[in-house]
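To keep things clear, I will list the structure first and then write my remarks on it.
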Amino acid sequence: MSMPTIREVRAYTVRGGGADYHDQGEDHWIDGQIATPMGKYPEYRPHRRNFGLNVLGTLVVEVEATDGTVGFGVTTAGELGAWIVENHLARFIEGTRASDVEKLWDQMFNATLFYGRKGIVLNVISGVDLAMWDLLGKLRDEPVHQLLGGPVRDELSFYATGARPDLARDMGFLGGKMPLVHGPAEGDDGMERNLAHLAKMREAVGSDFWLMWDCWMSLDVSYATRLAQRAREFDLKWIEEALPPDDYWGYAELRRNVPTGMWVNTGEHEATRWGFRMLLEMECCDVIQPDVGWCGGITELLKISALADAHGRYVIPHGSSVYSYHFVVTRHNSPFSEFLMMAPKADRVVPMFSPLLLDEPVPENGRMSVSQLDRPGFGVRLNPDCELARPFTH
């Protein structure tokens, strides 16, 4: 059949959950006291919202083909991202054949080099790219995982990220990743409290359950090294995103000095094949963790994954729900997935991007059958009860 072209692209914003999962109400674990790069300032320690973690909000990108079929993607970019879509990227998107995802990605990236390369611009390109893959799957009546070559396993297995790994164990997850609470500015007392909490969790979950720390860019090499070495007795599986994302040299040093068998993971806030090339060639980490909504979308994630495979490294995407599940199930070097526990107390399994997405699958007993991903495109719908705003038009 002839391939439709894109008739119109539309960019919307929405507040409260969704792709910007930090945009939560009060008393949610994800915005509580967690070590951050702003932890050096006492006034910004109690809540991550204090320094503006939730300011962007969710960006929804819709691409409508000439036959009326609509694909959509979501990311963290808010009104800034909507402006970029409507005022800059629309010229490349509209009129493009719905199957020309590679050409479109290249045009969007090169056209924004003078103010992009990483950060919010790559978030926006990712959102457009996800919308294009969703549209292509719908036009071909296939799930995205089939467009990527098909599943290499029958089910996905998950670890849980949240404040209660002890509860995650009871829910069937293979491991629990906890936010580190205290950073270097809190000195030895903070270090001891971090270790005491790890010891408490290890006692609660037993010896056969993974425990990991998410440090969210908050440490320096010295602190991270001491923390990892002292965590050895509690069998910490990995230490994640311990340093600022541009400190490739620090990551390489940290990886050389952590206890044997402990992984150093990072990449959540890295973007494009060139950023991940630095991490891989400088031997900064054992596992890379690109977010498909931030690193450049599915089109770029395929290149990042191939690069990692050539270096013998795992690719375990950060969060991103169905947008990463369809990818992970097709890659041999992506053996498991992350699931963000978005219940406020991390005490039950709820859809990660709720309430924005409908039909969003969730793991049961820490697993998900591929059959749950068999609807066309990414297999999810926008919730009509969510109030989308289109702040700009073109």
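Just so you know, all these numbers are worked out from the coordinates, no wet-lab data involved. Everything numeric here is computed off the predicted structure, so don't read it as measured data. Cβ: placed from backbone, ideal geometry, glycine included. Neighbour counts: every protein chain shown.
Residues to consider are L357, L280, L307; find the one that is within 18 Å of the chain's Cα centre (by Cα) and hydrophobic (A, V, I, L, M, F, W, C).
L357
Out of V258, V264, V292, which single residue is crowded, with 18+ Cβ neighbours inside 10 Å, of a type outside the set (S, T, Y) and over 20 Å from the mean Cα position of the chain (by Cα)?
Of the residues listed, the single one that is crowded, with 18+ Cβ neighbours inside 10 Å, of a type outside the set (S, T, Y) and over 20 Å from the mean Cα position of the chain (by Cα) is V258.
Does L340 meet the test of being touching a strand residue (DSSP E or B) at 6+ places or on another chain (Cβ under 6 Å) and under 25 Å from Y251 (Cα atoms)?
yes
If P344 satisfies every condition in (1) surrounded by fewer than 24 Cβ atoms within 10 Å (Cβ to Cβ); (2) over 25 Å from A160 (Cβ atoms); (3) touching a helix residue (DSSP H, G or I) at 6+ places or on another chain (Cβ under 9 Å) but one, which is the exception?
Of everything listed in (1) surrounded by fewer than 24 Cβ atoms within 10 Å (Cβ to Cβ); (2) over 25 Å from A160 (Cβ atoms); (3) touching a helix residue (DSSP H, G or I) at 6+ places or on another chain (Cβ under 9 Å), P344 misses just condition (2).
Out of the helices (runs of 4 or more DSSP H) lying entirely within the range 114-214, which hold 3 or more residues that are buried (at least 19 other Cβ atoms within 10 Å of the Cβ), in contact (Cβ under 8 Å) with a residue 40 or more places away in the chain and at negative phi?
Ranges flagged: 120-140, 165-170.
Taking the range 347-394 as the region of interest, how many residues are of a type in the set (F, W, Y) and surrounded by fewer than 18 Cβ atoms within 10 Å (Cβ to Cβ)?
Of the residues in the range 347-394, 1 are of a type in the set (F, W, Y) and surrounded by fewer than 18 Cβ atoms within 10 Å (Cβ to Cβ).
Please specify each residue of the range 1-28 satisfying the condition of being more than 21 Å from F339 (Cα to Cα) and either under 17 Å from the mean Cα position of the chain (by Cα) or aromatic (F, W, Y) (or both).
Y12
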